[in-house]
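Chemist: Once you've had a glance at the structure underneath, I'll fire off some questions.
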Amino acid sequence: MDFTFDARTEELRARLLAFMDEYVYPAESVAEEQRALLASPWDTPAVVEDLKAEARRQGLWNLFLPDAEHGAGLTNLQYAPLAEITGRSPHLAPTALNCAAPDTGNMEVLAQFGDERQKKQWLEPLLAGEIRSAFAMTEPEVASSDATNITTLIERDEGGASRSSGAESGGEYVVTGRKWYISGAMNPDCRIFIVMGKTDPDASDVRRQQSMVLVPRDTPGVTVERAMKVFGYEDHSHGGHAEVVFDHARVPAANLIGEEGGGFAIAQARLGPGRIHHCMRLIGMAERAIELMCRRAVSRDAFGKALARQGVVHNWIADARVTVEQLRLLVLKTAWMMDTVGNRGAHTEIQAIKIATPRAVVDIIDRAIQLHGAGGVSQDFPLAELYASARTLMIADGPDEVHQRSLARRELKKYL
Ligand SMILES: Cc1cc2nc3c(=O)[nH]c(=O)nc-3n(C[C@H](O)[C@H](O)[C@H](O)COP(=O)(O)OP(=O)(O)OC[C@H]3O[C@@H](n4cnc5c(N)ncnc54)[C@H](O)[C@@H]3O)c2cc1C
């Protein structure tokens, strides 16, 4: 294993670091000021569109997509250090580069499983950063970490005569269900939902019951009901997390992604890269927390000496540095394995980083908050927001315990 950055990665890193210094960090406060003046807090502040235009001009665009036809064609190992840098400003930089979840996962699904019409209609504007998208799987009424519990129905109506966007396939799908914590859906630019539901709830193979279908936001029967809060905050910069109702929402049968019964497999394929991207960005969040911790420690005195001279602060900083170095190596190993043996072959490593990274980064940010005193929980430092983001990643994309269960079972199998 050789994790030396190659020439292309080095070159992109240098350009991205300069872009962060020149454009992204200064835009953090501007975005908040502009948002306060918007007609709706869910609209996109102008500075975000400026950042997108500049990133695109500089070729710092769609770096996440390994598919060279649609994206930058980087390997996971090349993308990892770049995603880490964007994690230093997780509410702005990924969006600026068109590398933000959930659009990244949705674009991957469309690139991998979409047909030509679906790619033209939805992948192209997503790649161009003209629209946003959402992924709707989780339901308030059932334990959704177990996807077999999903109750949303996607029923085929052979007699339906939908002809949307040139599709003249026979019939329609009728989508009925309630979803929540659907990231990005409060933003009016979010034009399309990828909805996971059951086309065959009685299939004996519980992993063949689900399918995924594209549901445009303006479909009659789709209602974005309310914004779900995160630790009491509305998470505007992520486009919020919405509760969405699909009440007999009809879409052309041609909106099915892949085949009927293929939803579970697509969800698995979607979550592998998504998980490593989250972990790469989390390491960037931890690096930002360490930087803030050190700057604060050397610039503030208590009881006659700088905080940096307190032994306990040394322990916090040292432990944080050691943890970040360990995590980064594991994430890079995982990226390398995904590139060399594929996502399936890297299953254990993907789960290991998803278990290890959020909880360790939560701990590092927590120490940084402590060192900042009241400032740490205030709006004047990004730490409270970083904490909330990192903490939710112990739940989103599969709670820790679900990954632990699956990893442990695979480990035990060796001895049975
Ligand atoms: C900020 C945020 C953004 C999100 N964005 C999206 C999105 O865009 N689209 C989407 O579809 N969903 C999204 N989610 C939802 C997220 O994916 C789910 O919350 C997650 O999959 C867990 O499902 P659940 O909430 O139904 O928890 P449940 O399935 O009810 O589980 C609750 C808890 O039970 C425990 N548990 C579950 N199974 C086991 C087990 N086998 N062993 C031991 N303990 C277990 C875990 O501690 C778990 O946290 C988001 C969530 C958050 C917080």
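Read the figures in this text as sums done on the coordinates, not as results from a lab. Being a predicted model, the structure only gives us computed values, none of them experimental. Cβ: placed from backbone, ideal geometry, glycine included. Neighbour counts: every protein chain shown.
Chemist: What angle do you read, to the nearest 10 degrees and between 0 and 90, between the alpha-carbon axis of helix 311-345 and the longest principal axis of the chain?
Modeler: Tilt relative to the chain: about 30 degrees.
Chemist: Projected onto the charge dipole of the chain (+1 at Lys/Arg Cβ, -1 at Asp/Glu Cβ, origin at the Cα centre), which of A396, M1, G114 gives the Cα projection farthest towards the positive end?
Modeler: Farthest towards the positive pole: M1.
Chemist: Given the -39500 (n - 2.57) contribution per DSSP H run of 4+ residues, what per-residue ellipticity at 222 nm results for the chain, rounded to the nearest 500 deg cm²/dmol?
Modeler: On the way: 12 runs with 191 residues, N = 416.
Result for the chain, helices only: -15000 deg cm²/dmol.
Chemist: So if I place +1 on the C-beta of Lys and Arg and -1 on the C-beta of Asp and Glu, and nothing else carries charge, what would the dipole magnitude of region 265-413 be about its Cα centre? I want it in debye, nearest 20.
Modeler: Numbers: 21 positive and 15 negative charges, 47 e Å.
Using only the charged Cβ atoms, the result is roughly 220 debye.
Chemist: Going 7 Å from the Cα of T348 along its beta-carbon direction, which residues of region 250-275 have the amide nitrogen within less than 13 Å of the resulting point?
Modeler: none
Chemist: Continuing with this model, one more query. Hey, if you drop one equal point scatterer on each alpha-carbon of region 108-148 and run the Debye formula without solvent, what base-10 log of I(q)/I(0) do you get at q = 0.14, 0.15, 0.17, 0.21 Å⁻¹?
Modeler: At q = 0.14, 0.15, 0.17, 0.21 Å⁻¹ the computed log10 ratios are -0.46, -0.51, -0.59, -0.71.
Chemist: Something else: Once the Cα gyration tensor of region 131-257 is diagonalised, what are the square roots of 5 times its eigenvalues, in whole Å and ordered largest first, as equivalent ellipsoid semi-axes?
Modeler: Values: eigenvalues 121, 71, 21 Å².
They are 25, 19, 10 Å, listed from largest to smallest.
Chemist: Looking at the chain, which longest stretch skips every one of the GluC sites (Glu not before Pro) that is in a DSSP loop with at most 15 other Cβ atoms within 10 Å, leaving the sites themselves out? Let's see the in-between values first.
Modeler: Values: sites that count: E69, E130, E141, E158, E168, E234, E259.
Longest site-free region, per DSSP loop and neighbour criteria: 260-416.
Chemist: In degrees from 0 to 90, rounded to the nearest 10, what is the angle of the helix 103-113 Cα long axis to the longest principal axis of the chain?
Modeler: Helix 103-113 and the main axis of the chain meet at about 40 degrees.
Chemist: Ok, one more. Only Cα pairs within less than 10 Å get springs; with that Gaussian network setup on the chain, which residue of M280, M212, M228 has the largest fluctuation?
Modeler: Judging by the Gaussian network model, the answer is M228.
Chemist: Sticking with this structure for a sec: Along the Cα→Cβ direction, 7 angstrom out, place labels at V245 and A53. What is the inter-label distance in nm?
Modeler: Here the answer is 4.0 nm between the modelled labels.
Chemist: To continue, here is another question. Tell me which chymotrypsin sites (Phe, Trp or Tyr not before Pro) from region 324-416 have a DSSP coil assignment and no more than 11 other beta carbons within 10 Å of their own. Kindly include the intermediate steps, with their values, before the conclusion.
Modeler: Numbers: sites: W336, Y387, Y415; in loops: Y415.
Answer in residue order: Y415.
Chemist: Charges at C-beta only: +1 for Lys and Arg, -1 for Asp and Glu. How large is the resulting dipole of the chain about its Cα centre, in Debye rounded to 20?
Modeler: Numbers: 46 positive and 57 negative charges, 234 e Å.
Here the chain has a charge dipole of around 1120 debye.
Chemist: Of the trypsin sites (Lys or Arg not before Pro) in region 220-319, which ones lie in a loop per DSSP and count no more than 13 other C-beta atoms within 10 Å?
Modeler: Details: sites: R226, K229, R250, R270, R275, R281, R288, R295, R296, R300, K305, R309; in loops: K229, R300.
Passing both the DSSP loop test and the Cβ count: K229.
Chemist: Using the Cβ atoms and a cut-off under 15 Å, what net charge is assigned to the surroundings of F193, where Lys and Arg are +1 and Asp and Glu are -1? Walk me through the intermediate numbers first.
Modeler: Details: positive: R132, R178, K179, R191, R217, R250, R270; negative: D103, E139, D189, D218, E225, E243, D247.
Its environment carries a net charge of 0.
Chemist: Region 11-92: D in µm²/s via Stokes-Einstein (Kirkwood Rh, Cα pairs, 10 °C, 1.306 mPa s)? Intermediate results must be reported in sequence, preceding the final value.
Modeler: Numbers: Rh = 13.7 Å.
Estimated diffusion coefficient is 116 µm²/s.
Chemist: Using a simple spin-label model with points 7 Å from Cα along the Cα→Cβ vector, what separation in nm is obtained for K413 and L37?
Modeler: Result: 5.7 nm between the two label points.
Chemist: May I pose another question? Taking neighbour Cβ counts within 10 Å as the exposure measure, how do C294, C190, C279, C99 sort from fewest upward? Intermediate values should be presented prior to the final figure.
Modeler: Details: C294 17, C190 23, C279 30, C99 26.
By the 10 Å Cβ count, ascending: C294, C190, C99, C279.
Chemist: Assign unit charges at the C-beta atoms only (+1 for Lys and Arg, -1 for Asp and Glu), then state the dipole size of region 131-257 relative to its Cα centre in Debye, rounded to the nearest 20.
Modeler: Values: 13 positive and 18 negative charges, 57 e Å.
Taking the Cα centre of region 131-257 as origin, the dipole is about 280 debye.
Chemist: Pick from L282, L82, L292: which residue has the top mean-square fluctuation in a GNM of the chain where Cα pairs under 10 Å get a spring?
Modeler: For the chain, modelled as a Gaussian network with Cα springs under 10 Å, the answer is L292.
Chemist: Something else about it: Give me the distance in nm between label points sitting 7 Å out from Cα along the Cα-to-Cβ direction at R117 and D380, one decimal.
Modeler: 5.8
Chemist: What three numbers, in Å, describe the spread of the alpha carbons of the chain along their principal axes, ordered from the longest?
Modeler: 80, 61, 44
Chemist: Relative to the first principal axis of the alpha-carbon coordinates of the chain, what is the inclination of helix 46-57, with its axis defined by its Cα atoms, in degrees from 0 to 90 and to the nearest 10?
Modeler: Orientation of helix 46-57: about 90 degrees from the principal axis.
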